[in-house]
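The values are calculated or read from the model by the stated rules, or taken from the named source; none is laboratory data. Please read all numbers here as calculations on a predicted model, not as lab measurements. Backbone-built Cβ (ideal geometry, glycine too); neighbour counts: all protein chains shown.
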Amino acid sequence: MVETKYPETKGQQHKVGDDQVNESEYWNSSAKIIPEDENTENATSTNKVPGFGYRHIQIGLLFLMLAIGYAMRVNLSVGIVAMTNGTTTENPDVPWYEWKNKSVVLSSFFWGYICLQIFAGQLGQTYGTKWLAFVSMAVNSTACFIIPFMAEWLGSSGVIACRVVQGLSQGFFFPSVHNILGKWAPLEERAFLSMIAFAGPSFGTIVSLIASGAIASSWAGWPYAFYIFGGLGYVWMLPWAFLAANTPALHPNISKAEKDYIENSLSVKTQVVAPTPWKDIFTSVPVWAFVITMFGQNWGYSTLLTEIPNYLSNIMHFEMKSNSLLSAAPYATSFLLSFVFGAISDFLINRRYFSRVFARKFFNTVGILGPAIALVVLSFLPDSQSTLSIIMLVIAVGINSAAFVGFQINPVDLAPKYSGVLMGIGNGSSNICSILAPLAVQFVVVPETDKSLWRIIFIVAACVYTAAAIIFIIFGSAEVQPWNDKEQNNEKEEKNKEKV
């Protein structure tokens, strides 16, 4: 049993796991972990691994949160085609607009998205993730739902305002996911459970691209794409409110066997808040390797995410329904492969074929260099090779899911306590690319029907991908950093000095 001692001002002790811990005290106290023996830190449960449990429910809810969030993020990529083209539906009452700033509208989501990332990670680390994610989804869904009204009343400026608010609210999503993973995903299942959660964006993108295209070309028209996905966010909030918990120790219904399994695997010390070691974080080479890798990844991914429908429409000349289906195909591949890569990674690590560090670097390299090669090939294919072009797009996005077993879960490897903070730093800074990539297309690809200009965009993305892969190979790590448990390590050093 691991005992948690609270400051004397609290006037009491709590045993983590056997008794329910008051959440505000749990997250705000300067708690200190006292292991029973020196081996507790590295102990893992010797009992049989529990089957399906509340850890899987947490991951499932995270999957749905990211899926719905990405569905609301992506539906404008298809919707804006219909919003600026009156021929996509036979219903004459569906409005459309002559906007010349489509790329600005598409990039506006990321103006808000990059602002609160570090703050979101720190806030979730200090006060817990559950209600933070709940409020974030409520704001995001509302902003999505009112986009058709804002477009009618304020034009593109109204849509931009809604997208900025959506970006601000979704800025809490990924730090929240990493905070939960750091508390709920046992080491033995980390890659696979993480990949389930990270499959959410691909699934949401698939559904959104297909459904948004079908809705926009139907009699209902494009506004209903925003009503439906905004409504789904409200639906998600109900199970999250009743089934989610910040940590296993705070869940009212988890079994003791599952709770002990998780806490023994991770060590309960990863659930206790200590002052964030900002200096150590910002001077850590592995952290910078993660941030730079994510920066390069986001440049390529954002180029594909926001511009595939545009490329298929202007270069491949596909109609709305075909455009939506073909735009979704790469993400369907990514969704399926994400489970494969996650399972293979855990298998190779648990069987000791790969070290954790080598596995992270191997899958990251496959997931980033694969798209780089595919984009270079795509840029030189003639217009007549439409089938091969689609295959290259599928490869570029699909194989990219391997990188999520690399850099994407790296914050949980480096610092389970501060994984949300690390993700906030990486996601916030790297999503500058999500603003710049669509704007680069707007300024470089003029006219949008000139394939030689698209070649420049794709080759630049491939070069950025390659640089990111090399940096992670050289400087990346998957070892828990000393500053993750700085206070406890200092105590051990003092004890060792006393023994000497």
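Please verify whether GLN125 is at pLDDT 95 or above and closer than 30 Å to PHE242 by Cα, treating the condition exactly as stated.
no
Can you find even one residue in segment 269-285 that is modelled with pLDDT of 90 or more, of a type in the set (Val, Ile, Thr) and touching a helix residue (DSSP H, G or I) at 6+ places or on another chain (Cβ under 8 Å)?
Yes, some residue in segment 269-285 is modelled with pLDDT of 90 or more, of a type in the set (Val, Ile, Thr) and touching a helix residue (DSSP H, G or I) at 6+ places or on another chain (Cβ under 8 Å).
Does PHE335 satisfy the condition of being in a helix (DSSP H, G or I) and either surrounded by fewer than 24 Cβ atoms within 10 Å (Cβ to Cβ) or touching a Phe, Trp or Tyr at 6+ places or on another chain (Cβ under 8 Å) (or both)?
yes
So which residues in segment 369-415 are among the small types (Gly, Ala, Ser), under 24 Å from the mean Cα position of the chain (by Cα) and part of a helix (DSSP H, G or I)?
Hits for segment 369-415 are GLY370, ALA372, ALA374, ALA396, GLY398, SER401, ALA402, ALA403.
Name the pairs: first residue in segment 334-346 and farther than 13 Å from PHE362 by Cβ and in contact (Cβ under 8 Å) with a residue 24 or more places away in the chain, second residue of a type in the set (Phe, Trp, Tyr) and surrounded by fewer than 24 Cβ atoms within 10 Å (Cβ to Cβ), Cβ to Cβ under 6 Å, at least 6 apart or on different chains?
PHE335/PHE203; GLY342/PHE192; ALA343/PHE192; ASP346/PHE192
Scan TYR261, TYR227 and give me the residue that is part of a helix (DSSP H, G or I) and under 30 Å from THR89 (Cβ atoms).
Answer to the check: TYR227.
Scan the helices (runs of 4 or more DSSP H) fully inside segment 101-154 and keep the ones with 3 or more residues being closer than 19 Å to MET72 by Cα and among the small types (Gly, Ala, Ser).
Because the criterion is at least 3 residues that are closer than 19 Å to MET72 by Cα and among the small types (Gly, Ala, Ser), the helices (runs of 4 or more DSSP H) in segment 101-154 that meet it are 102-113, 130-145.
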